[in-house]
Each structure stands twice: as C-alpha cells, then as structure tokens.
Amino acid sequence: MIPGEFEYQLDLQRRFSAHPNIRAVTDTIQPLEMFIYPYLTGDLQHLSPKLRSKRTKVEVLRSALQGLCDMHKENISHNGGL
C-alpha cells in the first residue's frame, strides 16, 4: 500500500464489505497500516482440477466479473495489480 493511504483504502473496504464477490477486510492494524483478510485455504492452482468442468469455470469467471462490475458501479477502477 502507498504510505499514508490507509484511511482511503479503509473507506473503500467499508464501502464494499457487503458485496459478496469482493473479498472484504476482517480487521486492521492501524499503526502498521495493515489489513487482515479471511484466511484462504487455497488459490486457483488448488482449484485447477475442479476447474475442468465448464460450469465451474463459468461460475468463477462470473463471480470475478460481478465483483469488478460492483466496483465500477461505485466509480472504482481496478488495474489488476496486487
């Protein structure tokens, strides 16, 4: 995160906390300007055997795109970076 941008990012997290397709912060450590997210048990590499079905691929893509749409409706753009 860019130093000094914690409050801005925290406001964004609050705005999107109710969106089911956007991962929301669960806690913060303000002195360190750190966000804490739910623990992930895997990533797309772990899902890859499950992604063989076309239906699962469509569901994953639909969820990701819906999250981006939700952000765009709030006039937030995403550059795909970390």
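For Pro38, indicate whether it is at pLDDT below 80 and open to solvent by 70 Å² or more (accessible area, probe 1.4 Å). Judged against the criteria, Pro38 is not a match. Mind listing whichever residues of segment 45-73 are at pLDDT 80 or above and basic (Lys, Arg)? Within segment 45-73, Lys54, Arg55, Arg62, Lys73 qualify.
For (1) surrounded by 13 or more Cβ atoms within 10 Å (Cβ to Cβ); (2) modelled with pLDDT of 85 or more; (3) among the β-branched types (Val, Ile, Thr); (4) in contact with a Cys (Cβ under 6 Å, 6 or more places away or on another chain), each residue gets a yes or a no:
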| residue | (1), (2), (3), (4) |
| --- | --- |
| Phe6 | yes, yes, no, no |
| Pro20 | no, no, no, no |
| Asp27 | no, yes, no, no |
| Gly42 | no, no, no, no |
| Asn75 | no, no, no, no |
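The values are calculated or read from the model by the stated rules, or taken from the named source; none is laboratory data. Computed from a predicted model, the values in this text were never measured in an experiment. Methodologically, a virtual Cβ is constructed for each residue, glycine included, from the backbone with ideal geometry; neighbour enumeration extends over all protein chains shown. Areas reflect the complete protein model, heavy atoms only, side chains present, ligands, DNA and RNA absent. Shrake-Rupley method; radii C 1.70, N 1.55, O 1.52, S 1.80 Å.
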